[in-house]
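Engineer: Here you go, one structure.
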Amino acid sequence: MCNFCCTFAGVMDFGRYDREDLQEALRVLREGGIIVYPTDTVWGIGCDATNEAAVAKIYALKQREDSKSMLVLLDSAAKLDYYVDVPETAEMLLETSTAEQSPSLEGRDGEGFETQKPLTIIYPNARHLAPNLIAEDGSIGIRITNEAFSKALCAQLKHPVVSTSANISGHPTAHFFHEIEEAILNGADYVCRFRREDETPHEPSSIIKVNADSTFVIIRE
């Protein structure tokens, strides 16, 4: 049942979340459902990234072909090795993405990149994830989240959580909760209460694809 009708009780401290809200989201994820939840970028649709049937539900809700892989969130870079190969360049990018002044890296074609915002890295040789999440070349996009709610979700679920924008494929991205289409809210099994009234601007993440040989391609700066 969709919980879109749940009342958001007042303005919340965006650094703190309601534990009951978190536990309900976790219950739905563990039972193979899908949620709408706030992330470190825009509002997202999520599920347990190891559950193939749940991933299929998201593709259906977004009216999106399952040939287009979706990224996932993790709460710690220490968990990456279980799910993907982590080339040296990816390790460097992870280190610099949290630095106050990130040094530029130079790609194979001499193209420089400096990361100052959330960073999604597409890694080679994905494993232990739902097969319909993984791209044809075996890669998967993963972002380490430091946003309070999504970080807690990943940590307590003990699995990565799918993160795809909360909109029907081809429709405008919902940057704030009030912009999310009713079809998405009504199609989810749970809609989180945290940060519904937050209208702090959030930029989409940078996206870099890192190959097994440590060369990389900038998908989005």
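Engineer: Out of GLU203, GLU181, report the one residue that is in contact with a His (Cβ under 8 Å, 6 or more places away or on another chain), surrounded by fewer than 18 Cβ atoms within 10 Å (Cβ to Cβ) and among the charged types (D, E, K, R).
Structural biologist: Going through GLU203, GLU181 in turn, the sole match is GLU181.
Engineer: I need a count of the residues in the stretch 27-56 that are assigned to a helix (DSSP H, G or I) and surrounded by 19 or more Cβ atoms within 10 Å (Cβ to Cβ).
Structural biologist: Result for the stretch 27-56: 4.
Engineer: Exactly one of these conditions fails for LEU80: (1) surrounded by 16 or more Cβ atoms within 10 Å (Cβ to Cβ); (2) not in a helix (DSSP H, G or I). Give me its number.
Structural biologist: The failed condition is (2).
Bear in mind these aren't lab numbers, they're just calculated from the coordinates by the rules spelled out. Since this is a predicted model, take the numbers as computed values, not measurements. Ideal geometry is used to build each Cβ from the backbone, glycine not excepted, and the neighbour counts take in all protein chains shown.
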